[in-house]
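Engineer: Sharing a structure, written as structure tokens. Questions coming.
Laboratory data are not the source of any read-out in this text; all were calculated from the coordinates shown. In this text the structure is predicted, and so the values were computed from the model without any measurement.
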Amino acid sequence: MTFDTDAAGADSGDALTLALAQLHIEAGEVEANVDRALEAVSRAADRGADLVALPELFTVGYFAFDLYARNAEPFGGDTFGRLREAAADHGIAVLAGSIVEDLSATERVDTPADEGLANTSALFDANGDLQLIYRKHHLFGYESAESELLVPGERIDTATIGDVTVGVTTCYDLRFPELYRRLVDDGVELVLVPSAWPYPRVEHWTTLSRARAIENQAYVATINGAGTFDDATLLGRSSVYDPWGVSLASSGDGPALVTTEIEPETVATVREEFPALRDRRL
């Protein structure tokens, strides 16, 4: 497996080393796709990352709509189980984002409905302990079957990894800034955005991601996939933007492991030097 490598940022005492695993995703090839994810976790750990994040629906492929039901898993199923074990084995936090969840088969965690499917991410810490669940809130309706097939999420959780407060959104959520305001009000300093963003909307991808970082004075990390489906090609370009909206690290459109440093002190400094969030009236 070949990774293009991009790195940026300088190490500091309380910094979190973040890795974005831009995986090659094959429609319906769940075992091969999960193997790539596990290899990415191992590589990220070898590079000293504290946290590695995976793309949206990396198991089945976002655009493989007819394969969703066949490959759905309960929350405590095989894929999340293997990634939880990988987190503990390698001593690295893992955003397992995301899989098609079978809500009717999920036990021991709350679900937004008793049946149906959801687009679900889980954040495990370096001990393999569950820290956060996120189910995609905004379901894409434009020439997409997602809104017909999936149940929208309701939970908006946060977690602390190292010294950084982390939140999660998913792909299309980038177009809805009020969700990010909610996360900022909950103290989030870093938002992870597993995605399956296709060509040709490159400018939307980069502009929305940067805007969410600037307006919320937070780090925004977008984790896209790579690969071609019957009617779509993922554009890659996984990126990390700092609280000023500066791109710290990014990839091309092929498989890549993107790494950079997330510094909570930078968030505090930016919000103090340019206190736009204090001037909110709504």
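Engineer: Build a GNM of the chain with springs between Cα atoms under 10 Å: which of LEU95, LEU149, LEU123 gets the top mean-square fluctuation?
Structural biologist: Judging by the Gaussian network model, the answer is LEU149.
Engineer: What residue among SER247, SER144, SER104 shows peak mean-square fluctuation when the chain is described by a Gaussian network model with Cα springs under 10 Å?
Structural biologist: Per the Cα network of the chain with a 10 Å cutoff, SER144 tops the list.
Engineer: How much of the DSSP beta bridge set in the chain is antiparallel, as a percent to the nearest 5?
Structural biologist: In the chain, approximately 60 percent of DSSP beta bridges are antiparallel ones.
Engineer: Cα centroid distance between segment 233-272 and segment 139-209, in Å?
Structural biologist: 15 Å
Engineer: Something else about it: Using a Gaussian network model of the chain whose springs link C-alpha atoms within less than 10 Å, name the residue from GLU189, GLU154, GLU261 with the highest mean-square fluctuation.
Structural biologist: Judging by the Gaussian network model, the answer is GLU154.
Engineer: Angle check, please: helix 78-90 long axis (alpha carbons) against the longest principal axis of the chain (alpha carbons), in degrees 0 to 90, nearest 10.
Structural biologist: 40 degrees
Engineer: Compute the acute angle (0 to 90°) between the alpha-carbon long axis of helix 264-273 and the principal axis of greatest extent of the alpha-carbon atoms of the chain; round to the nearest 10°.
Structural biologist: 50 degrees
Engineer: Further question: With everything on Cα atoms, drop me the angle between helix 202-216 and the longest principal axis of the chain, reported from 0 to 90° to the nearest 10.
Structural biologist: Helix 202-216 sits roughly 50 degrees off the main axis of the chain.
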